[in-house]
Amino acid sequence: MLGKSNVWGGPLEINVDPLRWGPGLDRAAYEAPSDEVKQLWVRRPDMVEDSKSTSYCNKNSISTLVAIVTILAIVLLIVKLKPLHHHPSSPTLDNYTLALPKALLFFSAQKSGKLPANNNVSWRGDSCLKNEQVGGYYDGGDSTKYNFPAAFSITMLSWSVLEYSHKYESALELDHVKHTIQWGTDYLLKTFTSSANSTTTIASQLPAANTTKCWIRPEEIQFPRSALHCTTCPALAAETAAALAAASIVFHDDTAYSKKLIHGADVIFKFATQGLGDKYSGVADPPSAFYNSSGFWDEFLWGGTWMYLATGNSSYLKLITSPELAQKVGSKPHSVLSWDNKLPGAALLLSRLRMFLDYGYPYEQALKKYQNQMDDIVCSYLPDSKKFNRTKGGLIMLNHGNPRPLQYVVNAAFSAKLYSDYIGAMYMPGITCGGKFYGAEALEDFARTQVDYILGKNPKQMSYVVGFGERYPEEVDHMGASIRSEEGKKYGCGGWKWRDSKKPNPNVIVGAMVGGPDKLDGFNDLRSNYNYTEPTLAGNSGLVAALVALSHNATSNGIDPNTIFYSVPLPWHCFSCKKH
């Protein structure tokens, strides 16, 4: 639950194409595709049948007879050689597709409040019905709710749907992930006066009452619990706006709900940026025992970008491309997308705007800067880079050997694969890192090796996703999973005997990605050591995003080019582009 972003390095310059762009205008190292190519982005390729045929005119009956005899001979030979019993093989699903529904199921195990009938986690029941805000998700192994990482998790899930909805649909998980998102957004709307035109406060977290003295199932918490509120918390508010805005695009076909989400996003983003101007200094979010934001400017950039994508309002575009905000955000080229650092995510989204819609002046300079940063970020993940160490087993140490590395790894894997898909969609050859050229496949290879490590290709030969593979953690640090659930049986604070037991959890929390190994590829499967064995919402949301990005699809392995642009007006000069 704790974590800080570590960032180093400087900007990466990209070559100019003076023939296309003219003197003095720097562009990324790619040639924009033609209008015909752009139109291909929005059309689903139809199955094309090669109908070439050649007609023959037989000159005499002898040649006709010879042809008939030849055909009969071939048919007889085929029948003779054909096996007597032929069973068509079913398509083999890759590990990413197999792990995806499990990773999503983790969110069902984290639900708080009145559970739906189809929750599909037999050992979970209704819980904490007397909370100030009922619903939402528990953050990790206890019954706490932290709205900052929870909102980030919903943003990540929504982003993955907007890019890869066809893959979710092929895996029969689209409805599942959309339900998961809506359970989170319904709760976020309760944390402030989302139906009004303004708000003066937002709930930040629901602390776990007495859980430091009590190891207890959330189903047994029958007493009221009050949330902590704040009147000045720009990072939390901007992240909440990002979650609601991103989800509004996911649910664009449900007009009423989408409008409800957009309205709430607008209210809370105004609350986040109240008084924003050239001299705005702001006040940091109130300190918390966990999940303290190290700053809020990256959330302004991230939240503002999602607000623009959700509304198409040019005022947001002006905000996120303003030199003032860029200066405040700063340059963090070797950083990692996480619940506390949104710059890499915002840079990737802004690169998408530049690559696909080509805004030009007056936005080009800012968009170019963020794409340069994105290039530098993914370059730092590649094996030739010295920015981050790797374990002997190949896991990149994005948090520099500190505990719980996997939550950072999955976000980096998703970012790298997504950027490689952007490059592929634009027919770009690749990127240049320190003078060396890398094809888009290098970014995908990085993503695959890291997720493969998590799924079991590691020195421990152990999957770090519970329920996936033959061997996985059994003593997950999770109250609900560790205490036997028997109808009518209550343990209260007597649950400590379960926490301290050396036996596997009586309830398997399928799909939970634990904190992960240490810098020596070591892993202690101990319930009492949360650094190794506790799962979190933020970690699993990144896992889901990486899995769906890497999964294979029978019809397409790339992105959905236009869904995310549903509400964005095309630039004036992009008259031949189509979005919907």
inquiry  = Can you list residue pairs whose Cβ atoms sit under 6 Å apart, with the first residue in the stretch 109-136 being in contact (Cβ under 8 Å) with a residue 24 or more places away in the chain and surrounded by fewer than 16 Cβ atoms within 10 Å (Cβ to Cβ) and the second being part of a loop (DSSP other than H, G, I, E, B) and not basic (K, R)? Count only pairs 6 or more apart in sequence or on different chains.
reply    = D126/L115; K130/P224; E132/S226; E132/A227
remark   = Expected single match for open to solvent by less than 40 Å² (accessible area, probe 1.4 Å) and either touching a Pro at 6+ places or on another chain (Cβ under 6 Å) or over 30 Å from F388 (Cβ atoms) (or both) among S463, S482 is S482
query = List the pairs whose first member sits in the stretch 356-372 and is part of a helix (DSSP H, G or I), whose second member is aromatic (F, W, Y) and at pLDDT 95 or above, and whose Cβ atoms are under 9 Å apart, counting only residues at least 6 apart or on separate chains?
reply = F356/Y422; F356/F565; L357/F565
inquiry  = Taking the condition of being of a type outside the set (F, W, Y), under 30 Å from N402 (Cα atoms) and crowded, with 24+ Cβ neighbours inside 10 Å, how many residues in the stretch 300-332 meet it?
reply    = 2
task = Within the stretch 321-335, identify whether any single residue is free of Cβ contacts under 8 Å to residues at least 12 places away in the same chain and of a type outside the set (A, V, I, L, M), and answer yes or no.
result = yes
task = Might you let me know whether the stretch 434-441 holds any residue that is touching a helix residue (DSSP H, G or I) at 6+ places or on another chain (Cβ under 7 Å), open to solvent by 10 Å² or more (accessible area, probe 1.4 Å), in a strand (DSSP E or B) and over 20 Å from A546 (Cβ atoms)?
result = no
query = Across the stretch 445-465, what is the number of residues that are closer than 13 Å to Y381 by Cβ and free of Cβ contacts under 8 Å to residues at least 40 places away in the same chain?
reply = 1
request  = Considering each residue of the stretch 377-413, count those that are part of a loop (DSSP other than H, G, I, E, B) and out of contact with any Cys (no Cβ under 9 Å at 6 or more places or on another chain), and give that number.
outcome  = 19
message = The conditions are (1) in a helix (DSSP H, G or I); (2) buried (at least 21 other Cβ atoms within 10 Å of the Cβ), and N341 fails exactly one of them. Which is it?
response = (1)
task = Being of a type in the set (D, E) and either modelled with pLDDT under 95 or open to solvent by 60 Å² or more (accessible area, probe 1.4 Å) (or both) narrows it down to one of D266, D285, so name that one.
result = D285
message = Tally up the residues in the stretch 515-528 that are surrounded by fewer than 24 Cβ atoms within 10 Å (Cβ to Cβ) and either closer than 13 Å to K460 by Cβ or without any contact (Cβ under 8 Å) to a residue 60 or more places away in the chain (or both), please.
response = 9
ask   = When the stretch 153-203 is examined, which residues are found to be touching a residue at least 60 places away in the same chain (Cβ under 8 Å), closer than 28 Å to K270 by Cα and in a loop (DSSP other than H, G, I, E, B)?
value = F192, T193, S194, S195, A196, N197, S198, T199, T200
message = All but one of (1) within 17 Å of the chain's Cα centre (by Cα); (2) hydroxyl-bearing (S, T, Y); (3) open to solvent by 30 Å² or more (accessible area, probe 1.4 Å) hold for T449; state the number of the condition that does not hold.
response = (1)
request  = Check off (1) open to solvent by 20 Å² or more (accessible area, probe 1.4 Å); (2) over 25 Å from L537 (Cα atoms); (3) under 19 Å from the mean Cα position of the chain (by Cα) for R404 and give me the number that stays unchecked.
outcome  = (2)
request  = Residues being crowded, with 18+ Cβ neighbours inside 10 Å, of a type in the set (S, T, N, Q) and farther than 18 Å from L443 by Cβ: count how many of those fall in the stretch 529-568.
outcome  = 6
query = S248 versus (1) open to solvent by less than 40 Å² (accessible area, probe 1.4 Å); (2) touching a residue at least 60 places away in the same chain (Cβ under 8 Å); (3) within 21 Å of V329 (Cα to Cα): which is the lone unmet condition?
reply = (3)
task = Could you please find all residues in the stretch 260-287 being under 26 Å from the mean Cα position of the chain (by Cα) and within 15 Å of T191 (Cβ to Cβ)?
result = K260, L261, H263, G264, A265, V267, I268, F269, F271, A272, D285
Filter result for Y427 (in a strand (DSSP E or B), more than 20 Å from the chain's Cα centre (by Cα) and touching a residue at least 40 places away in the same chain (Cβ under 8 Å)) = no
request  = Could you identify the single residue in A256, A246, A235, A242 that is in a helix (DSSP H, G or I), farther than 17 Å from V568 by Cβ and touching a helix residue (DSSP H, G or I) at 6+ places or on another chain (Cβ under 8 Å)?
outcome  = A235
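The values are calculated or read from the model by the stated rules, or taken from the named source; none is laboratory data. Model, not experiment: these values are computed from the prediction. Please note: Cβ atoms are built from the backbone with ideal geometry, for glycine as well, and neighbour counts cover all protein chains shown. Accessible surface areas use protein heavy atoms only, side chains included; no ligands, DNA or RNA. Shrake-Rupley method; radii C 1.70, N 1.55, O 1.52, S 1.80 Å.
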